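Accompanying notes for the structure given below.
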Amino acid sequence: MRTALMRITARVAVTTLLAGAAALGTGTLTAGAATGTVVTDSAQGVAIRSGNATSFGTVGTQPNGPVEIDCQIYGEPVTGKYGRSLVWDHIPGKGFITDSYVNTGSSGLIAPLCTSNPRADKAIAWYAARNGSTAFQGYCEMAAENSYGKTAIWASAKADWNDAVARGVAHRGDLNPPKGALVFWDLAAPYGHVGVARGDGYFWATSVNGKIGLAKLPYFNSYLGWAWPNF
């Protein structure tokens, strides 16, 4: 059975190559499409959603059995038949299903990264709507979690980063994080600092000139790197 650590291992080179393509909208890549098998204990299949999180609406059901996957993306972690996974599979012409109910025969991604990331788009829009706000000063981790519709996951940005390091998924010192990735700094010891990458070398965070703002990486001193949100 695939472990949680194995299921969230990214092909970083593919992420970098496709980052610019994300601006194209909701299109996906068909080259390298793959197949898997949906397996649920209920035998009723898995929900197809309009985005890569359970907060997105259901647009149908993918029944148990073979399924085509044209691309994959990281999103909300879901625990299913094959453990806990951050990976979501895009079904051509339908939407996204959590990979935690799909047997792909692989410990990693089996298809190209999708050119769109609906969950990341919502997180970035959350920050943009609060541009200039001082309401989250001193609460950067709360802001990052709230942008993803979550709260009270980690006590601090440093705790969030340490989790990524412990799971072996922290991309230390990489100044090219994909859209939606969390970016970290070793500031305000022992709390650290965190923001959300826009995918083009810029990021949103608190404390940009004393407020929520957009800046170019690394901006702050003591940049640590990036990781996909584990919430």
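The values are calculated or read from the model by the stated rules, or taken from the named source; none is laboratory data. All of these numbers come straight from a predicted model, not from anything done at the bench. Methodologically, a virtual Cβ is constructed for each residue, glycine included, from the backbone with ideal geometry; neighbour enumeration extends over all protein chains shown. Heavy atoms of the whole protein, side chains included, go into the accessibility calculation; ligands, DNA and RNA do not. Shrake-Rupley method; radii C 1.70, N 1.55, O 1.52, S 1.80 Å.
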### Message
Suppose we filter the range 86-121 for residues that are crowded, with 24+ Cβ neighbours inside 10 Å, outside any loop (DSSP other than H, G, I, E, B) and among the small types (Gly, Ala, Ser); how many remain?
### Response
1
### Query
(1) part of a loop (DSSP other than H, G, I, E, B); (2) of a type in the set (Ser, Thr, Tyr); (3) surrounded by 13 or more Cβ atoms within 10 Å (Cβ to Cβ): which one isn't true of residue 42, the others all being true?
(3)
### Query
Would you call residue 49 under 30 Å from residue 192 (Cα atoms), open to solvent by 10 Å² or more (accessible area, probe 1.4 Å), among the basic types (Lys, Arg) and in contact (Cβ under 8 Å) with a residue 24 or more places away in the chain?
no
### Summary
Quick count over the range 200-210, residues being surrounded by fewer than 24 Cβ atoms within 10 Å (Cβ to Cβ) and within 21 Å of the chain's Cα centre (by Cα), is 3
### Message
So for the range 127-139 (the condition being surrounded by 15 or more Cβ atoms within 10 Å (Cβ to Cβ), without any contact (Cβ under 8 Å) to a residue 12 or more places away in the chain and under 18 Å from the mean Cα position of the chain (by Cα)), does at least one residue qualify?
### Response
no
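Rundown of residues vs (1) touching a Cys at 6+ places or on another chain (Cβ under 6 Å); (2) surrounded by 16 or more Cβ atoms within 10 Å (Cβ to Cβ); (3) within 21 Å of residue 77 (Cα to Cα), yes/no style:
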residue	(1), (2), (3)
174	no, yes, no
178	no, yes, yes
187	no, yes, no
190	no, no, no
198	no, yes, yes
212	no, yes, no
221	no, no, no
224	no, yes, no
229	no, yes, yes
